[in-house]
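Here's the structure we're looking at; comments come further down.
The values are calculated or read from the model by the stated rules, or taken from the named source; none is laboratory data. Just so it is clear, the structure is predicted and the values come from calculations on it, not from any experiment. All Cβ positions, glycine included, derive from the backbone under ideal geometry; neighbour counts span all protein chains shown.
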Amino acid sequence: MIRVFRGNDRIEGLRSPVLAIGNFDGIHLGHQALLKKAMELSLESGVDSVAFTFDPHPIKVLAPEKYLPLITPTEKKIKIMEELGISAVICAEFNLDFANLHPRSFVKNVLVDTIGARDVVVGFNYAFGKGKQGGTEFLRSMGEEYGFRLHVVDPVKIGGAVVSSSKVREAIWGGNVKLAFTLLGRPYDMEGVVVQGRKRGKILGFPTANIETKGELFPKSGVYASVLVLNGNRYNAVANVGKHPTFPDDPFSVEAHIFDFNYDIYGEKVDLLFIERIRDDVAFPTPAALVAQISQDVLKAKEILK
């Protein structure tokens, strides 16, 4: 099981670890390249592979007025890192004191004295310390001084463009979950609990699981071919994100009509995977017209998911 050190936890029991540093929001293919490099080095040396990240995300402290919904909440990030094979995660508390650390203080006090890193793995554009004064060349010189090796991972590109958290976020906002799938190396997903809704879907003949989620990043309103994971089992579904224009009084929601499924799952934890966008959310003149369109959505989703 992965070990997790949070905030002011004492960091103990790490064996001269290989340390991968980053925000890792999304853990997209670029992030995965860093983590895989750390794991390769740790296997060569027989030591721990450790991810060093921040909670909260630095932008939420340094520029709270900016709207930056996280792609992966901290607990989800840790879960994915564990699945990838990372030994431990350090979730450093990011605050103004941390932000004002001089790069040399960060290296000496945190990387060397506290963690005892043997190797440090960063991305090609890594910058750190007060005002981001420290870069990869500074970190390399610190490594020579304090006895750790620096490994800089080249950018991962798809279609000539560098994979980044901002590109993932833009794809999801725009409803292009298929592109997000490519950049992440897995479907974009939102975890939550099934709660009581207005039972509108059941009345229309397409009962839905209404999902209450703590996720921050919602795909563009619309209808999606999806997979719902419940207790480790996967069920094909068609999901709707947003309000229901045909029924203006309905609130914003995330809900999924699960195919060939007739069980009471209120209160169950589920994970909704977005596979491909089918259409926009539009108003229909009558409930019957909406039902006809949902039938087409189901057929389209089944074709995509098979």
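Data for the structure
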quantity	calculated
Residue that is surrounded by fewer than 14 Cβ atoms within 10 Å (Cβ to Cβ) and of a type outside the set (Asp, Glu), where the choices are Ser295, Ser253	Ser295
Subset tally (residues that are under 26 Å from Asp154 (Cβ atoms) and of a type in the set (S, T, N, Q)) for segment 72-127	3
Boolean, Ile59 is at pLDDT 95 or above, within 20 Å of the chain's Cα centre (by Cα) and either over 23 Å from Gly143 (Cβ atoms) or of a type in the set (D, E, K, R) (or both)	no
Residue count for segment 242-281, restricted to those that are of a type outside the set (Gly, Ala, Ser), without any contact (Cβ under 8 Å) to a residue 40 or more places away in the chain and under 20 Å from Ile172 (Cα atoms)	2
Test: residue in segment 95-111 that is out of contact with any Cys (no Cβ under 8 Å at 6 or more places or on another chain), within 23 Å of Ser16 (Cα to Cα), among the polar types (S, T, N, Q) and assigned by TED's automatic domain parsing to the domain that holds Glu137	yes
Filter result (hydroxyl-bearing (Ser, Thr, Tyr) and assigned to a helix (DSSP H, G or I)) within segment 284-304	Ser295
In segment 12-40, the residues that are in contact (Cβ under 8 Å) with a residue 60 or more places away in the chain, farther than 21 Å from Val163 by Cα and surrounded by fewer than 20 Cβ atoms within 10 Å (Cβ to Cβ)	Ser16
Residues satisfying the stated conditions in segment 41-84, i.e. among the hydroxyl-bearing types (Ser, Thr, Tyr), in contact (Cβ under 8 Å) with a residue 40 or more places away in the chain, crowded, with 18+ Cβ neighbours inside 10 Å and farther than 22 Å from Glu216 by Cα	Ser42
Enumeration of residues in segment 110-132 that are surrounded by fewer than 13 Cβ atoms within 10 Å (Cβ to Cβ) and farther than 22 Å from Ser42 by Cβ	Asn125, Gly131, Lys132
Residue list for segment 160-177, filter: surrounded by 17 or more Cβ atoms within 10 Å (Cβ to Cβ) and not β-branched (Val, Ile, Thr)	Ser164, Ser165, Lys167, Arg169, Ala171, Gly175, Asn176
